[in-house]
Every structure is written in structure tokens, then in C-alpha cells.
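These notes are about the structure you will find just below.
No value in this document is a laboratory result; all are computed from the given coordinates. Computed from a prediction, not measured in an experiment: that's the story for all the values here. Heads up, the Cβs are rebuilt from the backbone with ideal geometry, glycines too, and the neighbour counts pull from every protein chain shown.
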Amino acid sequence: MNLILQALHDIPAAQVEHLAALSQSARVEQVAAHVFRLSAASPHDDIVGYCFANRIDFGFVPATRRIENFGLLVMDMDSTLISIECIDEIADMQGIKPQVAEITEAAMRGEIDFSESLKRRVALLAGLDEGALAQVYNERLRLNPGAEIMLAALRQQGIKTLLVSGGFTLFTERLKNQLGLDFAHSNTLEIANGKLTGKVLGNIVDAQGKADWLHKTREALGLRPEQVIAMGDGANDLKMMAAAGLSIAYHAKPVVQKQASHALNFVGLDGLLPLLG
């Protein structure tokens, strides 16, 4: 295994040396700014706590792993590809962000069924002018750091991208077009006379829905499960992450970090790239 270390800051040589000693690494290389590869490394119980205390993201990566082995990245949208929870910002237009955000947080921690939580949150938006959605996109939506670097590198390797979200089509379709993503699937809000009705049309893209879209897209592309990467932050991402050969918890809830192949807590989305070999 190779032990990959990465951070937003320069990692002091003493910290790299300490982790090399803990992992009994045979060789240390700096492979990019703020990124080190420790070859022939072994796990040690102290690595997790030491890295977290020093704001270093780490991952044990098979030495045989190569980026060209992958063919599809499946991403969550809210708090993964982008920095906001769209529904919370829409609710802010109604002056009810705290009530909606509380339900969102409980759903992401896995305390409330996602479909039920979405219905409850959308119901609170009834009567809101549909223009509020575009306003949130234009004024509040921001990509998470490293998003464009990550996507450009994957595109160069021919890796397809699927954005699958429990959010809404206005956001996913615009992001798909803006970023050149290959596929996008999400929920459709019912709108009547220019106002949100408080209902969602069709089947809700919940945890199972995300996993289903991963399976459908993977099969359409003729890929094996081990060729798929899934990235998310909340409990409703766990099923799709379990269906992928490699899963990434991005600044995620503890329940997600525990079940992911790797966790990125400090670096941006481009932190995925060193983990691909």
C-alpha cells in the first residue's frame, strides 16, 4: 500500500517523517504541492488521530491502483460538488431557513428518512415565487474548492461524470451545462402559476434512487462496479457509495466517513486525484 498525505498547507518535514516511521514506509516522495506518497506503508492505530490533529488528509492506496482503471464518477450535489444546501437557501427566501435546515441536518445524519424529510421541507416552501430558485443559483451557489481541477483531470482521462441529487433539477441541469457533466438526475418541484406548490413531481431521488442511477449509468457505459467512484457527504449517499468500487466521504457526516473507502476532511475536491493512483 501507498500512504497518501495531503493538506491545504505545507506539511512540515517532521510530520511527514513521523508518519513514515509509524507506517514503516520504505520511501517518501513529494508528488505535488502539499501532497506526499509514502511507499510500502502499513496501517498504524496512531495515524488517524495524528493526521486529524494536524489537519492532514490521508489514504492507504493499493500500489497497483491507476486512474485509468476508473470510468465513472458519481457525485452528490449539495455540500459535495457545491458548498450550500440548496433547499436551505431557498427556504431563506421564505424566512424559514432554521426550520428547514434542522430537518436537512437530521436527514443527512440518517435520523430521518430522506423521502419523508424532503416532503416535509418542500411543503414549507409552498407559495414561494419560482424566481427564488434562479436567485439562489445566481447569488448563493458556489462550487466547492478544487471542483473544476478535479473535473478537468477526470475529463482528460475519459472518466464520465454523473451528478445525482436529492435536490432539484433547476440546479443539477444548470450545473451539468456549466461544468460539462455527462449525466444529471434529481427531483422536480411542482410549480403552478409561477409559485411552488409544496410538492415534488414523480419518484423522489432518495438513497435508493441514487444507487439505482449509479447502476443504470454504469451498465449503460459497460463498466464493472470496481471502475466506479462515488462521492458524497450525507446518509442518503451511503447506498450509492456502497455500490461503487471506491467511495469518498467529502467533508462528510461521521456515519458516512465510517463506511467510505477514503475521507477528505480538509482538502478540496481535487484531493480525489492523488487517491486514484
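For the chain, the antiparallel share of DSSP beta bridges with both residues in that region comes to about 50%.
Within the stretch 1-143, the proportion of C-alpha pairs whose separation exceeds 22 Å stands at 58%.
Assuming charge only on the beta carbon of Lys and Arg (+1) and of Asp and Glu (-1), the dipole of the stretch 67-277 about its Cα centre is about 280 debye to the nearest 20.
Along the axis of the charge dipole computed for the chain (Cβ charges of +1 for Lys and Arg, -1 for Asp and Glu, origin at the Cα centre), the listed residues VAL136, GLY277, VAL35 are led at the positive end by GLY277. The magnitude of the dipole of the stretch 1-64, with charges of +1 and -1 set on the Cβ of Lys/Arg and Asp/Glu and taken from the Cα centre, is near 120 debye. For the stretch 211-277 versus the stretch 143-190, the spacing of their alpha-carbon centroids is 14 Å. Give, as a single signed number, the net charge of other residues whose beta carbon lies under 9 Å from the beta carbon of ARG140, with Lys and Arg counted +1 and Asp and Glu -1. Once positives and negatives cancel, what remains is -2. For LEU5, the shell of other residues with beta-carbons less than 12 Å away shows a net charge of -2, using +1 for Lys and Arg and -1 for Asp and Glu. Once C-alpha pairs closer than 8 Å and six or more residues apart are averaged by separation and normalised to the residue number of the chain, the relative contact order reads 22 percent. Taking 17 Å as the straight-line reach from the Cα of LYS176, the lysines in range (excluding those fewer than 8 positions away in the same chain) are LYS160, LYS210. When the P(r) of the chain is calculated, the portion above 30 Å amounts to 32% of the C-alpha pairs.
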